[in-house]
Amino acid sequence: MIWLGIDTSNTPLSIALVKDGEVLIEESATLPVTHSLRAMPVIEELLGKSGLAPDAIDRIAVSEGPGSYTGVRIGVTIAKTLAWTLDKPLVGVSSLKTLAANGQLFPNLICPMVDARRNNVYSGVFQFEQGKLTALMDDGHYPLEELLSFLKEQSVPVLFIGKDTILHRAMIEERLGELASFAPLSLNIPRASALIDLAMREEQSEEVHTFVPEYRRLAEAEVNWLKEQQHGNK
């Protein structure tokens, strides 16, 4: 069984090929290159290095968001196109859950975090229980203050994961003190191999044509349009 994993949901790009539970090859980078220019060439490169033709892929796993609107759309579009063209099953996995999977050896709460500007974050709260990653707080777009209040109420240690945690570290430490710890830089970017591992465990294939990203919030243009509609109806 050969899996292709694709994560373009945020600044980091991660692509992996896994065969029968073993990582064949993986590339992860945070280079400032648009995913639309880089993702497909990396997929082609990894297939070539592995000596595999595209139709050797049995299943495709993709990070479905939340995160960058553009980044999420690019990954989902590539995954859907490949799944439809190759007639292969597609599995979507939360980008935050994928990031949280890097903390599987941490015995308490895991909080993946992606900056969403204006003191807001995309985040969730997870914990490994009997080898399974479970959510205590669902993926969402949260005010940082609300997230930290929830975590403080739990009164247990929390591991913050994600390259954007540095942007909010001062506030996190102020609110949580010694309960807060931070993942090392090697764990702060998502791994497509972890994405595949989660997809293998869930094995819930998507309907390719109706599968859509999980943004967890409206785009600013949509928010403004709704405000205009509400104003016009008064």
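The values are calculated or read from the model by the stated rules, or taken from the named source; none is laboratory data. Here the structure is a predicted model, which is why all the values come from computation and not from measurement. Positions of Cβ are generated from backbone atoms using ideal geometry, with glycine treated the same way; all protein chains shown enter the neighbour counts. Keep in mind that these areas ignore ligands, DNA and RNA; they rest on the heavy atoms of the full protein, side chains included. Shrake-Rupley method; radii C 1.70, N 1.55, O 1.52, S 1.80 Å.
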Dipole magnitude (debye, nearest 20) for the stretch 1-82, charges at Cβ of Lys, Arg, Asp, Glu: 260 debye
Label-point gap, in nm, between Glu153 and Gln204 - each point 7 angstrom along Cα→Cβ: 2.5 nm
Angle between the chain longest axis and helix 192-202 axis [Cα atoms, degrees, rounded to 10]: 90 degrees
Folded to 0 to 90 degrees: helix 35-50 orientation relative to the chain principal axis, Cα: 50 degrees
Dipole axis of the chain (+1 Lys, Arg; -1 Asp, Glu on Cβ), positive-most option in Val114, Thr210, Gly65: Val114
Ordering of 120-130, 23-33 by packing [mean C-beta count within 10 Å, highest first]: 120-130, 23-33
Carbon plus sulfur fraction of accessible area for the stretch 36-187, probe 1.4 Å, in percent: 52 percent
Pairs of Lys in the chain closer than 16 Å at Cα, counting only those 8 or more apart or on different chains: 5
Solvent exposure of the chain as accessible area per residue, Å², 1.4 Å probe: 51 Å²
Extension gain from Leu105 to Leu37, taking 0.36 nm per residue of separation minus the Cα-Cα distance: 21.0 nm
Within the stretch 71-194: Cβ-based charge dipole about Cα centre, in debye rounded to nearest 20 (Lys, Arg +1; Asp, Glu -1): 500 debye
Arg118/Ala53 FRET efficiency (R0 35 Å; Cβ-Cβ; nearest 0.05): 0.15
Karplus 3J(HN,Hα) series, Hz, for the stretch 2-13 with 6.51 cos²θ - 1.76 cosθ + 1.60 (x for Gly, Pro): 10, 10, 10, x, 10, 10, 10, 5, 9, 3, x, 10
In order through the stretch 123-132: 3J(HN,Hα) via Karplus (6.51 cos²θ - 1.76 cosθ + 1.60), integer Hz, x for Gly, Pro: 7, x, 10, 10, 8, 7, 10, 6, x, 10
Amide H partners (placed H, <5 Å) of Phe160, local residues excluded: Cys111, Ser181, Phe182, Ala183
